[in-house]
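What follows is a short report on a single structure.
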Amino acid sequence: MPVPRTTSLVLLLTVPAAVGAASAGDEVIPFTSEAFDRGIQYTMQQYPPLFGYSGFGMALADLDLDGDDDLVLLGRSNGLIGFFENDGAGNFANRSFDAALFPLTEPSVVLAFDYDGDRDLDLFVGQYLGDDNRLYRQDSPWSFTDVSEEAGIAESLPTKGASVADFDGDGWLDLYTCQYIIPGAGDSIRNRLYRNRGDGTFERVGSEWGAESERASLQSMWTNTDGDTWPDLYLSNDRGPFTGPNQLFRNDVGTLVEVSESSGTDVSLFSMGIAAGDLNRDGRPDFYLTNISDPVPPLLGANPLIVSRPDGTWEEQQELWGVAHHTLSWAAILWDFDNDTDLDLYVNDQFDANNLYMNPGSPPMVDVTAGADLAGTAGVSYVSIVGDVDGDGDLDMLQNNHGGNVALYINHHGDVRNWLRVRVVGEAPNHHAIGATARLRVGTLRQWAEVHVGGNGYLGQNETVLHFGMGPHDAADEITVRWPNDGPVRTLANLPAGELWTAYPPSRLGDVDGGGAVDRADWASFQAWGLGPLVPGREMLDFDGDGSLDAADVDAFWNTASTPRGDLDGDGFTSGPDVAMLLAHWGSPGGPADLDLDGVVGASDLAHLLGSWSRTR
């Protein structure tokens, strides 16, 4: 058994982190604490916990597929998993007893992902040296079936962090779990890489590549570190000077190759959480790693910030950015909380108040915890997650400090700065496009983001919608979306800020109703909407991604459709009866015979009809 961290570790060294000018805090709008008011009542057990070790997970995920993120919580003393349904405006209804999942004795991490390819989200719960790890299949909203045994993941392990990606490119989401055990304190237990077979079961793989590390891993993360669209694996390993440093495994098309030392990611520390984000705007992830307040070299209590370089390696820059921190910390989040286009940093501290660092656009960051009204987050704090729970265009935060109710901190920066959000739709069976990336450009300004399930933080899951602060900018010039594992690439242009946009892969273009074919029902929707600037909900019709629905999209629709363009009577052919129907509507303002959507039935429509004469698909 590993030795739990206690307050004695904190007494080793307490050095305040470097900060910038205090006046920068004046730009921060305070968060408001609103958990009780919005229906979240879930009491975390006291510290030291009655069960569990080093924190309990939480997840934001759209469990009922209604377009907004619901909440999953761990950490009550009776082992009840908390489920809270979001109404879309950030008000929650307690569904915990509807789901009735509370046999958990040692829960640690929770992830929501679609393991069986049926679009709804299932639930993985890792446990620390208690009962088996669990996989719950969701059969309908708030109704789950325990499929752990048949899926092949029901092992009793010292599981902490976990993360999900399609590492082998077969479309099915695979699972990596970290086993936290110190070599020499008992039997060495490897991490687990579970490959999804696609038939409802997983098989353990990865030992042949060394990816099933025997180090004291606390968190894993899948992220595309080299821009090739394949998810690489980064491991946060505790007690690095004694058990081995952090590890990076490059994904060479389904084969994992360790590149830790050559890449500079093999930092050695008491590594807990991972925060990943593109701090330097080069289209690759940078990593902030949490640590303990150890005064002994080489650690010196610093939280490393490793920033990517043009040569494909990473270098430490925590001192430059003023975020060395020097206190025992766990989760961390790189997020643009103030929508100014720059990534900021939030850090969970075990025994001290948590800290929020604002990025002014160049180093160093500024500690604005007090100005954000987050100084009251003192207490034993391991986990925070972020997402736009109330739909107002900024990122809110949830936190589960021990000995009190789960906290919800509502953000108000969406009222004063612009924002743009992108939901990426995947191709079956990875319906939610886990592993996709998006690059947003406004003039010379660039931002990059990635769709994650787990790993980005500690024990939890942030929202999967990609959030971009836009500052004063009214629209994105371009958004380039890349689907994972050598998937398609689409560029979307001229999208206004202040909206949640959906990015569809080419295979879904034209298919308005998601029925799997482009047909007359989809054309009816296109006719009802007409041409003009793109608005949310119609993105699947913007074939060329130029931000408008126009004649080129109409032509592209019919080039994709399963029925001829001139088939007005629905018999699968373009023939005499269709001509008669068109002539009967000649000169009419629109209607079914308006085949080019120019607003009137005329010669152009007749030409399109004759062009598809007697054609079937």
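Label-to-label distance for Thr201 and Glu499 is 4.7 nm, based on points extended 7 Å past Cα in the beta-carbon direction.
Work through the residues other than Ser308 whose Cβ is under 11 Å from its Cβ and net out their charges, Lys, Arg +1 and Asp, Glu -1. Surrounding charge for Ser308 is -3. Taking 7 Å steps out from each Cα toward its Cβ at Leu531 and Asp477 produces label points 2.7 nm apart.
Listed peptides 437-446, 109-118, 74-83 appear in the order 109-118, 74-83, 437-446 once ranked by packing, highest mean of other Cβ atoms within 10 Å at the front. To the nearest ten degrees, helix 520-529 and the longest principal axis of the Cα atoms of the chain are 90 degrees apart. Specify whether the C-alpha gyration tensor of the range 324-400 places it in the rounded, prolate or oblate class, a ≥ b ≥ c being the square roots of the eigenvalues: rounded for a/c under 1.5, otherwise prolate if a/b is larger than b/c and oblate if not. Oblate is the answer for the range 324-400, as a/c is 1.5 or above yet b/c matches or exceeds a/b.
Which percent of the accessible area of the chain is formed by carbon and sulfur heavy atoms (probe 1.4 angstrom)? Looking at the chain in its full context, I get 52 percent from C and S. Please work out whether the range 263-418 counts as rounded, prolate or oblate from its C-alpha gyration tensor, where a ≥ b ≥ c are the square roots of the eigenvalues and a/c under 1.5 means rounded, while otherwise a/b larger than b/c means prolate and anything else oblate? Oblate, because a/c is 1.5 or more while a/b does not exceed b/c. At a probe radius of 1.4 angstrom, the accessible area of the chain per residue rounds to 34 square angstrom.
Modelled label positions at Thr145 and Asn91, each set 7 Å beyond Cα in the direction of Cβ, lie 3.5 nm from each other. Gain on full extension, evaluated as 0.36 nm per residue between Ala584 and Thr105 minus their Cα-Cα distance, stands at 165.2 nm. Only alpha carbons enter this Debye calculation for the chain, each as an equal point scatterer, and the log10 of I(q)/I(0) it gives at q = 0.06, 0.08, 0.11 Å⁻¹ is -0.33, -0.57, -1.00. Rounded to the nearest 20, the Cβ-based charge dipole of the range 472-540 about its Cα centre (Lys and Arg +1, Asp and Glu -1) stands at 100 debye. Pairs of C-alpha atoms in the range 407-511 farther apart than 21 Å represent 39 percent of all such pairs. About the centre of its Cα atoms, the range 346-400 shows a dipole size close to 220 debye [charges on the beta carbon of Lys, Arg (+1) and Asp, Glu (-1) only; nearest 20 debye].
Fully extending the segment from Asn405 to Asn78, taken as 0.36 nm per residue of separation minus the present Cα-Cα distance, adds 116.3 nm. Expressed in units of 2.2 N^0.38 Å, where N is the residue count, the Cα radius of gyration of the range 99-222 is 1.02.
Please give the helix 551-560 orientation as an angle from the longest Cα principal axis of the chain, in degrees from 0 to 90, rounded to the nearest 10. In the chain, helix 551-560 runs at an angle near 90 degrees to the longest axis.
Think of the range 333-451 as a dipole: +1 on every Lys or Arg Cβ, -1 on every Asp or Glu Cβ, centred on the Cα centre; then among Trp335, Val451, Ser384, Val451 lies furthest on the positive end.
Rg/Rh for the range 135-180 to two decimals, with Rh computed the Kirkwood way over all alpha-carbon pairs.
1.01
Applying 1/(1 + (r/R0)^6) with r as the Cβ-Cβ distance of Asp598 and Arg441 and R0 = 25 angstrom yields a FRET efficiency of 0.15. Shape class for the range 37-140, computed from the alpha carbon gyration tensor (a ≥ b ≥ c): oblate, with a/c not under 1.5 and a/b at or below b/c.
The values are calculated or read from the model by the stated rules, or taken from the named source; none is laboratory data. Source: prediction; values computed, not measured. Don't worry about glycine lacking a Cβ; one is built from the backbone with ideal geometry, like all the others, and counts go over all protein chains shown. Just the protein is used for accessible areas: all its heavy atoms, side chains included, with ligands, DNA and RNA removed. Shrake-Rupley method; radii C 1.70, N 1.55, O 1.52, S 1.80 Å.
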